[in-house]
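As structure tokens, the structure follows; a few thoughts come after it.
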Amino acid sequence: MNTLIVIVVALVFLSFFYQLGLTRSKSIQSASGRRLHSRPGHYGMMVVLWCLIPAVVVYVAWMIVEPMIATSIVNSFIPPDVAADSGEVIRSTQRIESLVSGFGVAGEVQPYERAAAEQLSTFNTIARLALVVMVAAAGVAGALFARSRISPTMRARNEVEGFIKIVLIACSVIAILTTVGIVLSMLGEALRFFTYINPIDFFFGTTWNPRFSTTGSSNQGEFGLLPLLWGTIMITVIAMLVAVPIGLMSAVYLSEYAGPKLRFFAKPILEVLAGIPTIVYGFFALVAVGPFFSGIGEMIGFDIQATSAVTAGVVMGIMIIPFVSSLSDDIISQVPKAMHDGSLGLGATKSETIRKVILPAALPGIVGAFLLAVSRAIGETMIVVLAAGNSPVLTANPFDAVSTVTVTIVNQLTGDVDFASPQSLVAFALGLTLFVITLGLNVVALHIVRKYREQYE
Amino acid sequence: MAVSDTASSSSRKPIAEVVAGTLGRRKRAEVRFRAIGLGALILGIAFVGILFASILSKGLPAFWQATVNLEVYFDPEIIDVPEKPVQQADQSPAEFLQELQGWQRKLAFVNWNQIIQASLADVVPAAADNARDAIGMVASGERIRLRDMVMNDPSLIGQRREVALTAAANVDVWLKGNIDRSLPQASQQLSQLQQQWSDELYDRGVITMDFAWFIFTNTDSRSSPATAGLAGAFVGSFMMMLIVMFLAVPVGVMAAVYLEEFAPKNRWTDLVEVNINNLAAVPSIVFGLLGASIFINYLGLPLSAPLVGGLVLSLMALPTVIIAARASLRAVPPSIRQAALGVGASPMQAMFHHTLPVAVPGMLTGAIISIAQALGETAPLLLIGMNAFVASVPSSPMDQSSALPVQIYLWQGNELRNFFEARTSAAIIVLLALMICLNALAIYLRHRFERRW
């Protein structure tokens, strides 16, 4: 049966039960002459819920039990010589299933297959009927029970609202579950990784060389975190060197000097930078910025690689500009007008007011904003995957290719690797490190931003 | 008197002088500071301009593709296949399928290259003797198109048809001038004959630059780069967008309703709030790790499926949706709520009948923006295997699929650089156009329904 038809039928039934509760409550109201506790609609909803919940419970339970029964039926028909080979069992189960579906199979049909198929198709028919009957019975019984409970003193609204509240709570718990899921999944896999590799070698190792060793070989390669961390830091510093001056100065200009017209146009244009997917920045870095830098390098006779820390850092800096500027803008506008006016009244010029009064007053908030930007730069992936050059070595030269934590996560998990080998498990250890670093930065930054905002309120 | 006069004037004068003396310097500093600010702003805006200009200039030409317009003769001597099988009354569907597949296989073994070569020989006679050069003129995927034409309509055999065949990628690049024509012959990808034919046919109007609609209707292709399109990635992205829309948005809104209106203010809900703020700032790749470990490794959901991608993106979009929804709930004036409570509504009724409807436009804008963000996200999708090569349009969320940003990632790494650089930019243009549409919708909704209290 089509899923859509099932849904429509279910909706028709539910609306019928809604009407049942509605008319029942209205007739009770007119018969007893007393005011009901809740609106008639609440009684309708209550009947629907009492119908829906038992039906869903029965359905889910049956969905778990039914495949088990079906498998045991098929297995009972499979002769022992076939059952010895697990691959053969799967194949013959599939053949039986396609016989049941009426599609038929190519080639000779074995007698046991035919018998199993017949048995299975009888079972399927019965099972389908049983499912419909049981679900309907559970739903109808629930609805009738609810209908019998309707009386003027019955608190239907509280029941319905209690249910809605449970749904609401469940929705807000999902956010917590996500965090728990992130931590648990990464922690579990990372701990498995640390059974292969000593954590000290991982956190303080200076060589990154995850050889794709053959299984069983004792040589697992070297997993030193430091070169990756160093690459991440280098790119982040370059990005901040680009984003902070440009972002901060344009925020200052927009909030202090620019007229309303310029503000109206310039601000959304800057914010366009924040909406562009990072893969687009990566491509831009690869085809435009990288060649540009290496061209400059050729001109001045200095070797600059097209994919290098500088290329990735500069493009990432461009990406972060609107982030820095809008956060700084927020914080600058939080500084009380009185401080600003007082400074101007004493005869300071505008720039002196900004440099000596507003920026120092806004400094903690701005630092918080920078930390948020740093955590974004550390976690950024696609730009560095495309433009950093992926060379995990400790180098002090920003014009060399480097690798970062995020690039390595992508590299370790996108190849054809065994999920249980240290080569792919290391991605989770790296992910956990990344998560902890950015979490720390975020907590500090959010704390600073929040605390600072409260100061002037 | 005079003493004090001179003293006061002598003490006052230097200050005024000092001020006047520094005034020039201070004014210059002011001008300098202001110029730096303006410079930073202009630089930021210039980056937007450069980015868009470089993408557009590279990508727009890729929407026009060299096409060879030939009259194809479906020669029955070359297409030597029996009648298309028809299902017999006593045949089971499985048997018929087997027979049909046998027929299709015979059709696939037909030498379609010979048909293309013969059609090309009609316009350039030299093509008859140079099979390799002749076949290389047309994208290799076009053989399959000819086969499909016959498969769908066997009566074509023996007829002549005007067919617009997509030219090979190298021909396209050659005609667009993206190859340095002065390179020595040994390092050219196009043979001398093909170069000559390309130029000649282009002048004669047999090869034309047509708008490449197939970019939107074809799927990715490895063997025939010229006919590679975005359809599969487009559908995959669309499915994921639907999943985010139907999962993240309602769940996020309901969570926001609970946290903003019903949750008691205690340690537990404070923890939830801090947690949501942090979750919004967690790097996207971490969500990919979550998906790889829980959805794929633990729950055993299929790799590369839009369903898994949609789930991961939903979890990623959820905190943003919650934060936006809470902000717009908070913006509703308390008087509305109090009035509803005052006339006897329960808190739940006040919420769903009065506060929520007022807050919906704001929530919608936030939801659209977070969907747009999810649409452009790449990194988590790489970890759940969506960077696999998929040559079909997914028909359900459980099928293998690609996504627009991942397709961009795959194409930029293609070895046929000077062709795919343009094709990648074209895909980026499509993605950016989608993002701009979504953001414009959000801005429109904000202006349309914005209410100031």
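The values are calculated or read from the model by the stated rules, or taken from the named source; none is laboratory data. Given the structure is predicted, the values throughout are model-derived calculations rather than measurements. Cβ: placed from backbone, ideal geometry, glycine included. Neighbour counts: every protein chain shown. Ligands, DNA and RNA are stripped out before the accessible areas are found, and what is left, the full protein with its side chains, is counted by its heavy atoms. Shrake-Rupley method; radii C 1.70, N 1.55, O 1.52, S 1.80 Å.
From the list B:D199, B:D180, B:D203, the lone residue that is surrounded by fewer than 21 Cβ atoms within 10 Å (Cβ to Cβ), under 24 Å from B:T424 (Cβ atoms) and not hydrophobic (A, V, I, L, M, F, W, C) is B:D180.
The residue that is surrounded by the most Cβ atoms within 10 Å (Cβ to Cβ), among those in region A:257-268 that are at the interface with chain B (Cβ under 8 Å from one of its Cβ atoms) and in a helix (DSSP H, G or I), is A:A266. Would a scan of region A:376-387 turn up a residue that is under 26 Å from A:L441 (Cβ atoms) and among the acidic types (D, E)? Yes, that holds for at least one residue. Restricting attention to region B:131-177, which residues are open to solvent by less than 50 Å² (accessible area, probe 1.4 Å) and either touching a Cys at 6+ places or on another chain (Cβ under 6 Å) or among the polar types (S, T, N, Q) (or both)? The answer is B:S140, B:T166, B:N170.
Of everything in region A:175-212 that is touching a Pro at 6+ places or on another chain (Cβ under 7 Å) and assigned to a helix (DSSP H, G or I), the residue that is most open to solvent (accessible area, probe 1.4 Å) is A:Y196. In the set B:G376, B:G344, B:G413, only one residue is without any contact (Cβ under 8 Å) to a residue 12 or more places away in the chain, within 14 Å of chain A (Cβ to nearest Cβ), of a type outside the set (S, T, Y) and over 30 Å from A:S38 (Cα atoms); that residue is B:G413.
Restricting attention to region A:336-369, the residues that are among the aliphatic types (A, V, I, L, M) and more than 41 Å from the chain's Cα centre (by Cα) total 6. Comparison of B:V308, B:V321, B:V312 shows that the only residue that is in contact (Cβ under 8 Å) with a residue 60 or more places away in the chain, open to solvent by less than 30 Å² (accessible area, probe 1.4 Å), under 30 Å from A:R157 (Cβ atoms) and in contact with a helix residue (DSSP H, G or I) (Cβ under 6 Å, 6 or more places away or on another chain) is B:V321.
Out of A:V449, A:V384, A:V407, A:V443, one residue alone is more than 30 Å from B:R26 (Cα to Cα) and open to solvent by 40 Å² or more (accessible area, probe 1.4 Å). It is A:V443.
Against the criterion of being under 39 Å from the mean Cα position of the chain (by Cα), open to solvent by 80 Å² or more (accessible area, probe 1.4 Å) and of a type in the set (D, E), A:E66 does not qualify. Scanning region B:193-204 for residues that are free of Cβ contacts under 8 Å to residues at least 60 places away in the same chain and over 13 Å from B:M137 (Cβ atoms) yields a total of 1.
Scanning region A:228-254 for residues that are more than 10 Å from chain B (Cβ to nearest Cβ) and open to solvent by less than 60 Å² (accessible area, probe 1.4 Å) yields A:L228, A:L229, A:G231, A:T232, A:M234, A:I235, A:T236, A:I238, A:A239, A:M240, A:V244. Residues being open to solvent by less than 60 Å² (accessible area, probe 1.4 Å) and more than 37 Å from the chain's Cα centre (by Cα): count how many of those fall in region A:33-63. Within region A:33-63, residues that are open to solvent by less than 60 Å² (accessible area, probe 1.4 Å) and more than 37 Å from the chain's Cα centre (by Cα) number 6.
When both residues are 6+ apart or on different chains and their Cβ atoms are under 6 Å apart, which pairs have a first residue that lies in region A:71-92 and is in contact (Cβ under 8 Å) with a residue 24 or more places away in the chain, and a second that is open to solvent by 80 Å² or more (accessible area, probe 1.4 Å)? From residues that are in contact (Cβ under 8 Å) with a residue 24 or more places away in the chain, the pairs are A:I73/A:Q119.
Kindly provide the set of residues from region A:306-328 that are open to solvent by less than 20 Å² (accessible area, probe 1.4 Å) and closer than 17 Å to A:I448 by Cβ, ordered by number. Within region A:306-328, A:V324, A:S328 qualify.
In region B:436-452, the count of residues that are within 12 Å of another protein chain (Cβ to nearest Cβ), surrounded by 23 or more Cβ atoms within 10 Å (Cβ to Cβ) and not charged (D, E, K, R) is zero. Being surrounded by 15 or more Cβ atoms within 10 Å (Cβ to Cβ), more than 9 Å from chain B (Cβ to nearest Cβ), acidic (D, E) and at negative phi is the requirement here; does A:E271 meet it? When the stated conditions are applied, A:E271 passes them.
Is region B:390-399 home to any residue that is surrounded by 19 or more Cβ atoms within 10 Å (Cβ to Cβ), at pLDDT 90 or above, farther than 18 Å from A:V272 by Cβ and more than 10 Å from every other protein chain (Cβ to nearest Cβ)?
no
Once region B:256-293 is narrowed to residues that are among the β-branched types (V, I, T) and facing chain A (nearest Cβ under 7 Å), the residue that is surrounded by the fewest Cβ atoms within 10 Å (Cβ to Cβ) is B:V272. Annotation for region B:356-372: no member residue is outside any helix (DSSP H, G or I) and either within 21 Å of B:S314 (Cβ to Cβ) or out of contact with any His (no Cβ under 9 Å at 6 or more places or on another chain) (or both). Listed by position, the helices (runs of 4 or more DSSP H) contained in region A:281-345 that have at least 3 residues being within 22 Å of B:L56 (Cα to Cα) are A:290-299, A:309-334. Taking the listed residues B:G44, B:G59, the one that is within 13 Å of another protein chain (Cβ to nearest Cβ), part of a helix (DSSP H, G or I), modelled with pLDDT under 90 and within 35 Å of the chain's Cα centre (by Cα) is B:G59, with no other qualifying. Residues in region B:79-112 that are assigned to a helix (DSSP H, G or I) and closer than 18 Å to A:V100 by Cα: B:P93, B:A94, B:E95, B:F96, B:L97.
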